[in-house]
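Where a number appears in this text, it was derived from the coordinates with a stated rule and is not lab data. This is a predicted model, so every value here is computed, not measured. With ideal geometry, Cβ positions are generated from the backbone for all residues, glycine too; neighbour counts draw on all protein chains shown.
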Amino acid sequence: MPNEKHYRRLENMHHAAACNRVYYPDIRMIVSEGKAEITLPVHERYFHAAKAVHGFVYFKLLDEAGFFAANSLVEDVFVLTTDYHTNLLRPISSGIMRVTGQVVHQSKSQILAEAVLYNGEGKQIARGSGTFVKGPTPLSADIGYAD
């Protein structure tokens, strides 16, 4: 049965992470069972020298969508990304970036998730897939996992 309280706590944990202060308050995230969606308005502060969003932003959004989709199925510990493959398909320099992540396989030891990043017109701009495992860190208020 879906655990809405767990999903909201994961969303809060995401916003509490120090690395997300680069994006705050623009990033939006929704977590549900085996899925996550993140939106981020494009800003020049994310640009590389050719005036388009740098690949690190693509990777971060793809990995986080996969991560939170995976962690939606694990309610006791923080999951870890063990590998992540990224395909950058086209540049973006304005509008909105929206990524959807979904768990595609789960075994006793691993969770596989895929993510697709779209521009404001719904065109794919990147894809990714990753493997996630249970880590040693308990989900707790100490890491932002709170109401």
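Per DSSP helix of 4 or more residues, -39500 (n - 2.57); summed, then divided by the residues of the chain. What does that give at 222 nm, rounded to the nearest 500?
Result for the chain, helices only: -6500 deg cm²/dmol.
What are the residues whose amide H is under 5 Å from the amide H of THR137, where those residues sit 5 or more places off or on another chain and H is modelled from the backbone?
PHE78
If the chain between VAL22 and ASP76 were fully stretched, how many nm would it gain, using 0.36 nm times the residue separation less the Cα-Cα distance?
Contour length minus Cα-Cα distance gives 16.7 nm.
Return the long-range amide H neighbours of ILE27 (sequence gap of 5 or more, or a different chain), with a cut-off of under 5 Å between placed amide H atoms.
So ILE27 has HN proximity to no qualifying residue.
Give the residue list of trypsin sites (Lys or Arg not before Pro) in the stretch 1-70 that are DSSP loop and have at most 13 other beta-carbon atoms within 10 angstrom.
Hits after loop and neighbour filter: LYS51.
Starting from the Cα of HIS43, step 7 Å along the direction of its Cβ; do the same at SER93; then give the gap between the two resulting points in nm.
2.0 nm
Once you charge only the Cβ atoms, +1 for Lys and Arg and -1 for Asp and Glu, what is the size of the charge dipole of the chain about its Cα centre, to the nearest 20 debye?
For the chain, the charge dipole is close to 360 debye.
Full extension from GLN106 to ASP142: what is 0.36 nm times the residue separation minus their Cα-Cα distance, to one decimal in nm?
Between GLN106 and ASP142, full extension yields an extra 10.2 nm.
Based on the alpha carbons, how large is the Rg to Rh ratio for the chain when Rh follows Kirkwood?
Rg/Rh for the chain comes to 0.96.
I want to check the label-to-label distance for GLU121 and ALA52. Put each point 7 Å from Cα in the C-beta direction and report it in nm to one decimal.
The answer from the label model is 1.3 nm.
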